[in-house]
Structure formats: C-alpha cells, structure tokens
Amino acid sequence: MRFGFRQVAQDGKARAGVIETPRGQVATPAFMPVGTAATVKGMLPESVAATGAGIVLGNTYHLMLRPGAERVARLGGLHRFMNWAGPILTDSGGFQVMSLAGLRKLTEEGVTFRSHIDGARHMLSPERSMEIQALLGSDIVMAFDECPALPASRARIAESMALSMRWAARSREAFGDRPGHALFGIQQGGLERALREESAEALMLIGFEGYAIGGLAVGEGQEAMLECLDYAPEMLPKDKPRYLMGVGKPDDIVGAVARGVDMMDCVLPTRSGRTGQAWTRRGVVNLKNARHADDPRPLDEDCTCPACRGYSRAYLHHVYRAGEMIAGMLLSWHNLHYYQELMAGMRAAIVEERFGAWKAEFHAARAGGDIEPL
C-alpha cells in the first residue's frame with residue numbers, strides 16, 4: 001500500500017480528509033503528539049492511542065544524538081523501539097540544530113554543530129537527514145531545511161528560503177524510491193507573501209507527497225501567523241496534505257484549520273501538563289492555584305479522560321504541589337485527550353457543513369472562562 005491523501009469534505013477553507021499509510025489511516029484535521037526522544041512525555045503508547053491520536057512525531061535531532069539512529073535501526077526501527085504501531089512523522093532536525101545546538105556553522109553543504117548534550121561535533125545535511133530518518137523507519141519524512149527566527153530582515157529570509165529550496169531538491173534525490181513512505185517539502189518565506197509564493201512554486205516543481213508550512217510560530221505572534229495563513233496554505237497543492245509545523249494553542253489550531261491546514265504538532269499539551277496547566281473548553285486552568293485546594297469537582301465535568309473521570313481538582317492540585325509524578329501524567333493525558341476531542345469536533349463540523357457555527361461556539365466557551373470557585 002502506498003501513501004495517499006483524500007479529501008472527504010470542505011466547509012469554507014476548512015478541510016476534512018484521510019491520510020492513508022501502510023500503518024493505518026489518519027483522519028484530518030489531525031494533531032500529532034510530540035514524542036521527542038521516542039516517547040510522548042508522561043504517557044504510555046497505549047495511553048496516547050486511547051486519547052484518539054492516530055500519528056505521533058519523533059525528533060531527528062534528539063534521536064540521532066541519543067540513542068543514535070543506527071542503534072534504533074539495529075533494534076528494529078523506531079516503531080518497535082517505542083512500541084507505537086501507528087504512523088510516525090519525523091522532523092528533519094534543522095529546527096533543533098538552529099535552536100538548541102551550540103557552535104553551529106551553516107554552509108551550502110549543511111550544518112556543522114556541537115551537541116547540546118555532550119559537546120560532540122556532528123554534521124547534518126539533506127543527505128544525512130534522509131539517511132537518519134530512513135534508519136528510524138518513519139512513515140512521513142521531512143525535507144531538511146533552515147528556519148530563521150523572526151523577526152529577521154527580508155534579505156535574510158530570502159537567502160534562507162532559497163537555501164532551503166536547494167536542500168529540498170537534495171532531500172528529494174536522497175530520499176529515493178520508498179513505497180509506503182512519504183517525503184514532505186517545507187514552504188519557507190517568513191511573513192513575506194512573495195517569498196512564500198516563490199517557495200511553494202519551487203517545492204511543487206520538485207514534487208512531494210505532502211507539503212508543510214514552516215517558519216511560523218517562531219516569534220512572530222498569533223496575529224501575524226494567521227495573516228500569513230490567510231494565503232500560504234492555498235499556494236500548496238489541494239490534493240496533498242498541508243502540515244503547519246509547531247502549532248500550537250487550541251485557538252491557533254482552530255484558526256489554522258479554518259484557513260485550510262490539515263496537520264499540526266506541538267509540545268504544548270504535555271509540557272503544560274508537567275507544569276500544572278490544563279487546557280479545557282473554557283480555556284487554560286492553572287491547577288497550581290490555591291483556589292482548587294478544596295474543590296471536589298472534576299477538572300471538566302464533560303470530559304471522559306482519566307483525570308476528569310476519577311479525580312478531583314483538589315487531588316490534582318495536591319499531587320502537583322507535592323511534586324508527584326502522577327500530576328504530570330494525568331494532566332498530560334487530559335490535555336492530549338482535549339486536543340484530540342477538538343480535532344474530532346472540527347472534523348465532524350466540516351463534514352456536516354457547520355464549521356462556522358462550531359467555531360463560534362468554541363470561542364464563546366473560552367470567553368466565558370473557567371467555572372467559579374466554590
């Protein structure tokens with residue numbers, strides 16, 4: 001079975017579809033939990049699947065440094081290594097090199113850098129990134145690119161975009177013929193519409209199984225990001241999945257789907273869970289606050305996740321303040337469950353052509369705020 005994508009419904013710009021892979025189908029719009037080091041932090045793979053997630057993301061940079069891509073391959077590949085049977089998308093490593101690595105040097109060939117773990121010297125190029133992702137055995141592979149932080153000058157963004165397009169062509173060639181696996185190109189261009197158009201045209205000439213929108217959620221702010229998404233997704237092929245990288249908060253996700261995005265990923269649900277924050281229909285709830293210490297009510301009375309079904313706000317407040325591991329585990333599960341419910345709600349609304357009404361209800365519930373203290 002080959003990789004494929006089919007759109008099943010559209011309401012405005014919002015799309016519902018299905019990504020077909022040999023490891024299973026992924027309903028879109030889809031949110032991908034981030035498994036940075038071959039684990040979604042605080043979660044068992046079975047728990048991640050129980051939230052409704054059909055695909056997870058792995059990080060090339062982190063896995064190449066520890067435990068090493070060659071070791072993962074010897075142990076049967078990333079799916080077996082982390083006990084995840086569904087599809088896995090791996091990023092190219094480029095963003096982490098730029099944001100985490102020390103003493104990095106950028107050339108036409110690639111990026112030479114020192115590991116943030118032990119200072120060891122490494123080289124990442126389009127060819128090496130493709131090799132690492134093949135060793136990991138990921139189902140969706142991302143082209144190697146450079147992503148400058150914003151704000152940046154137009155000249156810097158143009159130079160970076162052009163380099164990323166040359167690297168995209170090298171990634172395509174190095175990827176080779178791998179039936180059942182997909183390579184996604186990454187549109188760059190910052191907040192410059194003309195550069196986004198140029199990037200999209202270059203990627204389509206190369207040809208990819210899917211297309212990502214990169215270079216956003218890197219410091220530009222939500223308003224600027226959404227303004228870019230007003231036009232960027234429509235520059236990409238309609239018959240291929242569109243993936244917005246590194247986004248985000250629930251209202252970011254809803255705004256992106258409304259503009260034609262099919263896939264997203266972010267560390268926010270699990271990172272927030274580990275810091276005592278829960279995302280709910282009413283917005284973010286901070287379980288660290290003393291107002292929850294005597295509250296016997298669930299975090300969200302309409303939620304069916306284990307944190308809401310079996311525990312009170314008082315208990316969640318207590319275990320977080322006590323530094324117990326279960327706090328991060330339960331809140332991460334809740335947040336991932338909420339994100340997947342959000343995606344399922346949007347998919348149903350798009351199919352039933354009521355996405356506009358659904359979006360209005362989403363924003364109205366958040367505007368109402370959390371329940372009143374007892």
Among the candidates A307, A322, A327, A278, residue that is more than 22 Å from V48 (Cα to Cα), among the hydrophobic types (A, V, I, L, M, F, W, C) and at pLDDT 95 or above = A322
query = Quick one: which of G283, G246 is crowded, with 18+ Cβ neighbours inside 10 Å and not hydroxyl-bearing (S, T, Y)?
reply = G246
Identity of the residue in the stretch 79-103, at pLDDT 85 or above and polar (S, T, N, Q), that ends up farthest from the chain's Cα centre (by Cα) = N83
task = Enumerate the strands (runs of 3 or more DSSP E) found wholly within the stretch 263-372, keeping only those where 1 or more residues are within 28 Å of E46 (Cα to Cα) and under 19 Å from the mean Cα position of the chain (by Cα).
result = 263-266, 277-280
inquiry  = Just to be sure before I move on: is R321 without any contact (Cβ under 8 Å) to a residue 40 or more places away in the chain, surrounded by fewer than 16 Cβ atoms within 10 Å (Cβ to Cβ) and not assigned by TED's automatic domain parsing to the domain that holds K41 in the structure I sent?
reply    = yes
Qualifying positions in the stretch 10-29 - within 18 Å of L236 (Cα to Cα) and among the small types (G, A, S) = G12, A14, A16, G17
Residue list for the stretch 21-54, filter: under 25 Å from E127 (Cα atoms) and under 14 Å from the mean Cα position of the chain (by Cα) = V34, G35, T36
query = Scanning the stretch 52-99 for residues that are crowded, with 24+ Cβ neighbours inside 10 Å and of a type in the set (G, A, S), which turns out nearest to P29 (Cα to Cα)?
reply = A53
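With in contact with a Lys or Arg (Cβ under 6 Å, 6 or more places away or on another chain) and at pLDDT 95 or above as the only criterion, which of G185, G189, G176 stands out?
Details: G185 fails: in contact with a Lys or Arg (Cβ under 6 Å, 6 or more places away or on another chain); G176 fails: in contact with a Lys or Arg (Cβ under 6 Å, 6 or more places away or on another chain).
Going through G185, G189, G176 in turn, just one is in contact with a Lys or Arg (Cβ under 6 Å, 6 or more places away or on another chain) and at pLDDT 95 or above: G189.
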task = Tell me, please, whether a residue that is among the β-branched types (V, I, T) and in contact with a strand residue (DSSP E or B) (Cβ under 6 Å, 6 or more places away or on another chain) can be found in the stretch 206-213.
result = yes
note = Going through the stretch 184-230 in order, the residues found to be over 18 Å from M165 (Cβ atoms), small (G, A, S) and free of Cβ contacts under 8 Å to residues at least 24 places away in the same chain are G221
task = Evaluate the following for R104: is it closer than 26 Å to G214 by Cα and either surrounded by fewer than 21 Cβ atoms within 10 Å (Cβ to Cβ) or in contact with a helix residue (DSSP H, G or I) (Cβ under 9 Å, 6 or more places away or on another chain) (or both)?
result = yes
message = Residues that are hydrophobic (A, V, I, L, M, F, W, C), part of a helix (DSSP H, G or I) and buried (at least 17 other Cβ atoms within 10 Å of the Cβ): does the stretch 230-240 have at least one?
response = yes
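The values are calculated or read from the model by the stated rules, or taken from the named source; none is laboratory data. Quick caveat, the model's predicted, so the values are computed rather than measured. Ideal geometry is used to build each Cβ from the backbone, glycine not excepted, and the neighbour counts take in all protein chains shown.
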